[in-house]
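Chemist: I am attaching a structure below and will ask some questions about it afterwards.
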Amino acid sequence: MWRATILTIFPDMFPGPLGLSLAGKALKAGTWSLEPVDIRDFGIGAHRTVDDTPAGGGPGMVIKADVLAQAIDARAADPRPRLLMSPRGVPLTQHRVAGLAKGDGVVIVCGRFEGVDERLIAARGLEEVSIGDYVLSGGEIAALAVLDACVRLLPGVMGAETSGTEESFADGLLEYPQYTRPQVFEGRPIPDVLVSGDHAKVARWRREEAERLTRERRPDLWAAFGAKTPSPKKNHPKR
Ligand code: SAM
């Protein structure tokens, strides 16, 4: 079973949306498990204090290293990767998600306030991970995003019909456009090729569209794709 342990001061935010749909079914089926750990259980004094003012001054509060270390040591002292949700972290990619999904699970520390004491990050080997260049109020929504991305890749969760192998990022490209009935929507028909019944032509069209969208929308991905697989990019006709 793939195990997720989440250290947070808001354990009630879990499973949240992950209790529904595919992830929720998989949770009930025992494909994965979720253990939210309340950092306040390791807080100090009658008020179960978990934070203190920043050294050097400035606004806000910082989660204390000693409190968080105790929480990790008590509930997550095993070899699973330990992530710290952080806008300063390495941006999450589908490649990293696939790697996490192949393992035994994950430990995720959710920051709050101004973040966590820097010494804890090194002392407990936390990998700082960002879900984008914007600032959330806390790591919980970021952790839910990481879990959702991982859980849908666990064996059996998506079902045979959607393997994930043709999705955006799976081979370094964005996904091709999708259509379904009606055949004509507000005067816009489904592209002829998709109703031609010619599977080879459909595959070629999808590939070309995936390359076009990636080139137009994500020059960074397109450059990386070209460096990895130079021939399709070189051969692609100019549009
Ligand atoms: N002072 C921090 C900074 O400027 O980098 C921001 C702290 S933020 C208000 C509180 C917490 O939200 C962070 O410690 C982190 O756990 C989480 N968080 C915010 N934005 C995030 C992002 N883009 N990706 C992952 N976690 C994020």
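Only the coordinates and a few stated rules stand behind these numbers; no lab work does. All figures in this text were calculated on a predicted structure; none of them were measured in a lab. Backbone-built Cβ (ideal geometry, glycine too); neighbour counts: all protein chains shown.
Chemist: For His199, what is the net charge nearby, where nearby means another residue's Cβ is under 13 Å from its Cβ and Lys, Arg count +1, Asp, Glu -1? Kindly include the intermediate steps, with their values, before the conclusion.
Modeler: Values: positive: Lys201, Arg204, Arg206, Arg207; negative: Asp198.
Once all neighbours under 13 Å are counted, the net charge is +3.
Chemist: Looking only at the range 182-201, which residues have a backbone nitrogen under 12 Å from a spot 7 Å from the Cα of Glu208 in the C-beta direction?
Modeler: From the range 182-201, the list is 192-194, 201.
Chemist: Right, another one. Can you give the three extents of the C-alpha atoms in the range 63-158 along their principal axes, from longest to shortest, in whole Å?
Modeler: 40, 31, 17
Chemist: Semi-axes of the equivalent ellipsoid for the range 2-151, please: Cα gyration tensor eigenvalues, times 5, square-rooted, ordered largest first, whole Å. Before the final figure, lay out the partial values.
Modeler: Values: eigenvalues 126, 56, 41 Å².
Result for the range 2-151: semi-axes of 25, 17, 14 Å.
Chemist: Out of the range 79-128, which GluC sites (Glu not before Pro) are coil in DSSP terms and have no more than 16 other C-beta atoms within 10 Å?
Modeler: On the way: sites: Glu114, Glu118, Glu127, Glu128; in loops: Glu114.
Of the GluC sites (Glu not before Pro), the ones in loops of the range 79-128 whose Cβ has at most 16 other Cβ atoms within 10 Å are Glu114.
Chemist: Report the percentage of all Cα-Cα pairs in the range 107-210 whose separation exceeds 18 Å, rounded to a whole percent. Mind showing how you got there, number by number?
Modeler: On the way: 3630 of 5356 pairs.
Cα-Cα pairs in the range 107-210 separated by more than 18 Å: 68 percent.
Chemist: Local charge sum around Met61 (other residues, Cβ-Cβ under 9 Å, Lys/Arg +1, Asp/Glu -1)? Could the numbers behind the result be given before it?
Modeler: Numbers: positive: Arg112; negative: Asp51, Asp52, Glu114.
With Lys, Arg at +1 and Asp, Glu at -1, the net is -2.
Chemist: Under the Kirkwood approximation for Rh and a Cα-based Rg, what ratio Rg/Rh is obtained for the range 183-230?
Modeler: Numbers: Rg = 14.0 Å, Rh = 12.5 Å.
In the range 183-230, Rg relative to Rh is 1.13.
Chemist: For the range 1-90, state the average projected area of the convex hull of the C-alpha atoms over all orientations, rounded to one decimal in nm². Present the calculation step by step, with values, prior to reporting the outcome.
Modeler: On the way: hull surface 31.3 nm².
Projected area, direction-averaged: 7.8 nm².
Chemist: Just need the relative contact order of the chain here, percent rounded to a whole number, with Cα pairs under 8 Å and 6+ apart.
Modeler: Working: 330 pairs, mean separation 42.8, N = 239.
Reported as a whole number, the value is 18 percent.
Chemist: Name the residues of the range 166-180 whose amide N is less than 19 Å from a point 7 angstrom out from the Cα of Arg188 along the C-beta direction?
Modeler: 175-180
Chemist: Could you tell me how many degrees, from 0 to 90 and to the nearest 10, lie between the Cα long axis of helix 219-228 and the main elongation axis, the longest principal axis, of the Cα atoms of the chain?
Modeler: Relative to the chain, helix 219-228 is tipped by roughly 80 degrees.
Chemist: For the range 1-66, which trypsin sites (Lys or Arg not before Pro) are both in a DSSP coil and crowded by at most 15 other Cβ atoms within 10 Å? Write out the running numbers ahead of the final one.
Modeler: Numbers: sites: Arg3, Lys25, Lys28, Arg40, Arg48, Lys64; in loops: Arg48, Lys64.
Here the sparse-neighbourhood loop sites are Arg48.
Chemist: Let me ask something else. Under a 10 Å cutoff between Cα atoms, tell me which one of Gln178, Gln94, Gln70 has the largest fluctuation in the Gaussian network model of the chain.
Modeler: Gln178
Chemist: Spelling out what I want: for every residue of the range 177-190, take phi, set θ = phi - 60°, compute 6.51 cos²θ - 1.76 cosθ + 1.60 (Karplus), and round to whole Hz; glycine and proline get x.
Modeler: Using θ = phi - 60°, the values come out as x, 10, 9, 8, 4, x, 4, 10, 10, 6, x, 9, x, 5 Hz.
Chemist: Now, a different point. Select from the range 166-208 those chymotrypsin sites (Phe, Trp or Tyr not before Pro) which occupy a DSSP coil region and have at most 16 other Cβ atoms within 10 Å, ordered by residue number. Walk me through the intermediate numbers first.
Modeler: Values: sites: Phe169, Tyr179, Phe185, Trp205; in loops: Phe169, Tyr179.
Listed in order of number, the matching sites are Tyr179.
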